[in-house]
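What follows draws every value from the coordinates through simple rules; no lab data is involved. Predicted model, so just to flag it, every value in this text is computed and none were measured. As a convention, Cβ positions derive from the backbone with ideal geometry for all residues, glycine included, and neighbour counts pool all protein chains shown.
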Amino acid sequence: MTPPRVLTVAGSDSGGGAGIQADLKTMLALGVHGMSVIAAVTAQNSLGVQGYWELPPEAVRAQLDSVLGDIGAQAVKTGMLASPALVEVVAEVLATVTAPVVVDPVGVSKHGDPLLAPEAVGTIVSRLLPVATVVTPNLWEVEQLTSIKVEDEDGMRPAAEALLALGPRWVLIKGGHLPGPPVDLLTDGTQEFRLTATRHDNRHTHGTGCTLASAIASCLALGDDVPTAVHKAKDYVTGAIAHGFPLGAGIGPVDHAWRQR
């Protein structure tokens with residue numbers, strides 16, 4: 001039998017811990033067929049991002065048309081899109097797709113290196129968020145998109161409301177960078193869920209955002225509703241963080257195959 005198909009539109013991580021590579025590993029681990037549209041290529045390792053190069057918009061559109069025109073997808077996940085032109089192309093195509101779309105509004109790498117041109121932020125807000133089923137910003141990305149700085153758990157709700165006003169059906173604010181136990185907030189403006197997890201003493205967390213968004217997309221493709229998909233994805237990424245391993249001289253990746261191992 002053909003498994004459900006999930007398409008990731010993101011950047012390539014040469015170190016293998018995040019981006020397209022993390023997405024495809026997550027999809028395989030969760031039992032779906034992963035497909036990829038590469039929007040940018042990074043030179044990246046455990047120490048940081050040494051550079052990135054965008055693909056031409058026509059190359060990104062050709063990849064999208066090729067995969068969606070023949071194979072189709074039961075869910076789509078977006079990650080690093082780098083520039084306004086690439087955001088425009090991706091948003092235009094995804095506006096015609098009926099499958100759920102998970103948007104990870106990648107702004108910086110785990111090491112703090114920028115992965116999105118500042119002028120692309122407005123394009124994400126105006127074009128990409130309105131086609132999102134779920135948007136999964138961390139606290140820095142929340143501030144980048146809404147100018148709201150979340151400093152404690154109580155600040156997550158007004159930030160989520162501001163994001164919902166931009167058009168996505170659901171918002172998942174990741175609160176892992178707040179002090180205390182990590183708490184994420186998932187809401188569609190009517191329903192609200194607070195997801196907690198154990199904070200593991202592990203610095204090898206490269207790829208967490210990519211992995212979480214891809215896991216949500218995979219669970220949606222398998223037929224789960226949004227709250228169920230997010231809960232399952234949270235469990236998966238928490239285990240992956242717990243089993244993260246050293247690689248190179250810097251921050252290692254989460255372990256996408258922790259259940260298999």
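Go ahead and run the numbers for FRET between Arg169 and Asn202, Cβ-Cβ distance against an R0 of 35 Å, rounding to 0.05. Working shown, then result.
Details: r = 33 Å, r/R0 = 0.93.
Here the calculated transfer efficiency is 0.60.
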- Out of Val142, Ala117, Gly107 - ranked by how far each Cα lies towards the positive end of the dipole of segment 83-142, with unit charges on the beta-carbon of charged residues - the top one is Val142
- Message: Would you work out the Kirkwood radius for segment 105-192? I mean one over the mean of 1/r across all pairs of different Cα atoms, in Å.
- Response: 13.1
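More than 18 angstrom separation, counting every C-alpha pair in segment 50-185; what % is that? The partial results should precede the final answer.
Numbers: 5057 of 9180 pairs.
Tail of P(r) above 18 Å: 55 percent of Cα pairs.
Highest mean first, how do 219-225, 231-237 rank when packing is the count of other Cβ atoms within 10 Å averaged over residues?
On the way: 219-225: 19.3, 231-237: 21.0.
Descending packing order for the listed peptides: 231-237, 219-225.
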- Task: Extending each Cα 7 Å along its Cβ direction at Ala257 and Asp235, get the distance between those two points in nm, one decimal.
- Result: 2.3
- Task: Work out from phi, with θ = phi - 60° and the Karplus expression 6.51 cos²θ - 1.76 cosθ + 1.60, the ³J(HN,Hα) of each residue of segment 251-259, listed in order in whole Hz, and give x for Gly and Pro.
- Result: 8, x, x, 5, 9, 5, 9, 4, 5
- Item | Only Lys, Arg (+1) and Asp, Glu (-1) charged, at Cβ; the chain dipole about Cα centre in debye | 620
- Note on the structure: Rounded to the nearest Å, the spacing of the alpha-carbon centers of segment 190-261 and segment 5-60 is 16
- Item | Kirkwood hydrodynamic radius over Cα pairs of the chain, then Stokes diffusion coefficient at 25 °C and 0.890 mPa s, in µm²/s | 137
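Using Cα-Cα distances under 8 Å and only pairs 6 or more residues apart, what relative contact order does the chain have, in percent?
On the way: 576 pairs, mean separation 49.6, N = 261.
19 percent.
For every helix of n ≥ 4 consecutive DSSP H residues, a contribution of -39,500 (n - 2.57) applies; sum these over the chain, divide by its total residues, and give [θ] at 222 nm rounded to the nearest 500 deg cm²/dmol. Can you show the working numbers first?
Values: 7 runs with 84 residues, N = 261.
Result for the chain: -10000 deg cm²/dmol, rounded to the nearest 500.
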- How big is D, in µm² s⁻¹, for segment 175-261 by Stokes-Einstein at 37 °C and 0.692 mPa s if Rh is the Kirkwood radius over C-alpha pairs? 240
- Message: Between Glu92 and Asp154, what is the label-point separation in nm under the 7 Å Cα-to-beta-carbon projection?
- Response: 4.6
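Between Ala43 and Thr190, what is 0.36 nm times their sequence separation minus the Cα-Cα distance? Round to one decimal in nm. The partial results should precede the final answer.
Details: separation 147, 0.36 × 147 = 52.92 nm, distance 4.20 nm.
Using 0.36 nm per residue and subtracting the Cα-Cα distance, I get 48.7 nm.
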- Can you pull the one-decimal nm distance between simple spin-label points at Ala162 and Gln50, each 7 Å off the Cα toward Cβ? 3.8
